[in-house]
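Report on one structure; see the data block that follows.
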Amino acid sequence: MKLYLVQHAEALGKEQNPRRVLSQKGHTDAVKMAAFLFKADVIVDEIVHSGKVRAEETANVLSKTVWPGKAAVRMDGLGPGDSTDHLVHAAEAAGGDLMAVGHLPFMAKMAARCLTGREDGAAVAFEPGTVVCLERLEMTLGRSIGCKGRGCWARSRLRARYLGRLDALPVRTPTIAPIPVLKPQSKSPTACFCAVV
C-alpha cells in the first residue's frame, strides 16, 4: 500500500488572484509531473485534495494519469494547519494506493509522522510540485515490532523515495534523491505509512 504526498504546484499570489489558482507555470509543471507519473506507471486507487483551488487544480491534472476516468475528491483535514490524524485514518481505510494533494506545513508534518511517528520528526523538503511516495509494509522481515491485527508498520531502515519537483524533473530522466536512513523516535507502533529502502 502506497501513500503519495503532493504539495500543489505553483499558484498565483493573493494579490494577483485571491482564489490562488495555479499560475501558468504551475499548470505546465503539473502536466509535466502527470507525464512523469504516467511513465513511472503510477496508478492509485484514489486521489484526494484539500479543497483549496490550487490543490484541486493540481489534483485534477494528476488524476488524468494516476486515476484515469475519475476526478479527484475533496477531503476535509488536508489544510495547511490541520492535524495529520484524518489522513492517517483515511489512508488506512482506503485499502489501496492513495494520493493526497495539499499544502505546507501539512505535507511535511505527514511525511515526518510516517517516517518517525511524530509530526515534528524528520523533515522532507517539500516545495511546490513535490511528490513523495511512502509505502506501508504488511510484515517486517525477521522481528516483530509490536504488530497488531492487519500487519506491521516498518520502523527500521526507513527511507523516502523522492520523486521530484514538478519544474525540476525532466520527464525522461527523473532524479531520485532519497533522504537519509532514519531511526524511530518511539517504540510503540504508529498507524502511518512508512517508506522502505
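Read the figures in this text as sums done on the coordinates, not as results from a lab. Model, not experiment: these values are computed from the prediction. Here the Cβ positions follow ideal geometry from the backbone for every residue, glycine too, while neighbour counts run over all protein chains shown.
Other residues with beta-carbon under 12 Å from the beta-carbon of Lys70 carry, at +1 per Lys or Arg and -1 per Asp or Glu, a net charge of -1.
Apply the Debye scattering formula to the stretch 11-143, with a single equal point scatterer on each alpha-carbon and no solvent, then give log10 I(q)/I(0) at q = 0.19 Å⁻¹. Log10 I(q)/I(0), no solvent term: -1.18.
For the stretch 36-48, putting each phi into the Karplus relation 6.51 cos²θ - 1.76 cosθ + 1.60 with θ = phi - 60° gives couplings of 4, 5, 4, 5, 7, 6, 7, 10, 10, 8, 6, 10, 10 Hz, in residue order, rounded to whole numbers and with x for Gly and Pro. Projecting label points 7 angstrom from Cα along Cα→Cβ for Asp45 and Lys25 puts them 3.8 nm apart. The stretch between Glu127 and Ser83, if pulled fully straight at 0.36 nm per residue, gains 13.9 nm over its current Cα-Cα span. Quick check: net charge around Met99, other residues with Cβ under 10 Å of its Cβ, Lys/Arg +1 and Asp/Glu -1? Charge balance in the 10 Å sphere: -2. Listed by chain and number, the aspartates and glutamates whose C-alpha is less than 20 Å from the C-alpha of Lys52, apart from same-chain residues fewer than 8 away, are Glu10, Glu15, Asp29, Asp76, Asp82, Asp85, Glu127.
Peptides 113-121, 99-107 ordered by packing proxy, namely the average of other Cβ atoms within 10 Å per residue, highest first: 99-107, 113-121. Inter-label distance, Val73 to Phe38: 2.4 nm, where each label sits 7 Å from its Cα along the C-beta direction. If you average the alpha carbon positions of the stretch 109-134 and of the stretch 1-74, how far apart do those two centres end up, in angstrom? Their Cα centres are 18 Å away from one another.
Segment Glu135..Asn17, full-extension length gain: 38.8 nm, with 0.36 nm per residue of separation and the alpha-carbon distance subtracted. Above 14 Å, the calculated P(r) of the stretch 10-85 contains 64 percent of its Cα-Cα pairs.
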